[in-house]
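These notes concern the structure reproduced below.
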């Protein structure tokens, strides 16, 4: 069997099975014009025995540390009891000092942390004050670490001028490197998925490694222990500048990171299960006023090179609507004057996911577009009609789910990550004031509860009053290419219906293009190789 853990025949069989399942679902239950679907996900089988073998090999390089690890399984305990793999329990105890909750990961955690070297140094009397970067190939202490039933994510930084043998670079700030390992991957009909070029210097370590630039990130994707891993660095495929990292400067940093990856923890758990796409239940009572135009029906000629939007009937998650109160309105903030609707605070809603922007978005025509949806709160009523109780600068924004916060103190955006047995998904909020977010403690690692207030609708974009008063909201799901943007429009329609306890009505002309009734994965072996899980910001 190849290092990736799946034969070509196996891949082909899996693809055919998924395709037949998709077709049968289409035949059995054709979609009505306004029906929504949940996404389908594939659960990967984790080979923990292979992970334990790799751990043994890595630890044996440091004999004094190796003496402390027990690899003989305890036959008297159930298969999924942690004591069945005592070496992993011991490893988690060491690593959890630096990576909180590492044992919650359902997949082997690969990090640039040499636990055996750290342990041996301590056995030899090294002081606890020695910088952790010494055991992390000169990468700083972890900036973010999240582990859960779907897998884990981590972010490290690499300072300018550090690292023996590293080439000089123009970019003068620390470079952030992200890694995610997941046992859940979203099945999206992505013609660009699975592409990339091999990395010859790393072929011995990662036989199936592929390198590619996608959605503003340089990415390295590979499979190990049956798990999908992606290492990524946000960069631009352009000339290097002191304040702009060029992808060619990122290559040696990413490859240093990959060479330093070791098994750092994780724990065997009961396998996850595949999740089929289904038609969503929606309120039966009709709203007297909530109307929305179809997914993909953006304002004409506002897409990249005047291309249209992207029809997508997927509600990628069942969420709480991100604004605290109704009414609220999804409308364009950049091209509102071109719309026939006179006000941006009126029904019907209109999709603005693929409006023209300079950001890479795979679902949009030509590969560029708006990464999410712009949402505006209702206007305050005229004087004498309750205006005294309405402050337009205090419209609450709330957490859409119980989630972990991803946000450094200088970030303009707040990202919430869900990591469960049935989801591995991110929700990003933009244009709230960063200073207010810092004061409220909306920073890396914080746990928020669904419905909890996390800010107010604002107009921050590099500075106050940098854009109009609205909330930008977007969604990313984890795939074998890493974190990929998907259209949040139907997700928001579905969430709003639950907020108002009534079903909306789709209005407007039929749009060109066919909605995606069922997403399905394309097999990597049938795709020809070629060459920010979020961009730095949103224009409006």
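A few points about this structure:
- Remark: 380, 354 ranked as 380, 354, counting other beta-carbon atoms within 10 Å and listing the fewest first.
- Note on residue 463/residue 501: beta-carbon distance plugged into 1/(1 + (r/R0)^6) with R0 of 56 Å gives a FRET efficiency of 0.90.
- Residue exposure proxy: 501, 472, 62, ordered by other Cβ atoms within 10 angstrom of their Cβ from fewest to most, comes out as 501, 62, 472.
- Length available on full extension from residue 170 to residue 259: 0.36 nm per residue minus the Cα-Cα distance, which gives 29.7 nm.
- Anisotropy class of the range 31-265 from Cα gyration tensor, a/c 1.5 cut: oblate
- Applying 0.36 nm per residue to the separation of residue 449 and residue 337 and subtracting their alpha-carbon distance, the gain on full extension is 36.6 nm.
- Projected area averaged over orientations for the range 197-256, convex hull of C-alpha atoms, nm²: 4.4 nm²
- In this simple spin-label approximation, residue 162 and residue 239 carry label points 7 Å from Cα along the Cα→Cβ vector, and these lie 3.0 nm apart.
- Overall shape: oblate for the range 304-440, with the ratio a/c of the largest to smallest alpha carbon gyration tensor axis at 1.5 or above and b/c at least equal to a/b.
- Theoretical FRET efficiency, 1/(1+(r/R0)^6), r = Cβ-Cβ of residue 49 and residue 123, R0 41 Å, to 0.05: 0.90
- Label point distance in nm, residue 274-residue 380, each placed 7 Å from Cα along Cα→Cβ: 5.5 nm
- Full extension of the chain between residue 70 and residue 422 yields a length gain of 123.4 nm, computed as 0.36 nm times the residue separation minus the alpha carbon distance.
- Sorted fewest first by neighbouring Cβ atoms within 10 angstrom, 190, 47, 351, 391 come out as 391, 47, 190, 351.
- Taking every C-alpha pair closer than 8 Å and separated by at least 6 residues, the mean separation divided by the residue count of the range 31-265 gives a relative contact order of 23 percent.
Just so you know, all these numbers are worked out from the coordinates, no wet-lab data involved. For clarity, every value in this text was computed on a predicted model and none was experimentally measured. Because the Cβ atoms are built from the backbone with ideal geometry, glycine has one as well, and the counts that use them run over all protein chains shown.
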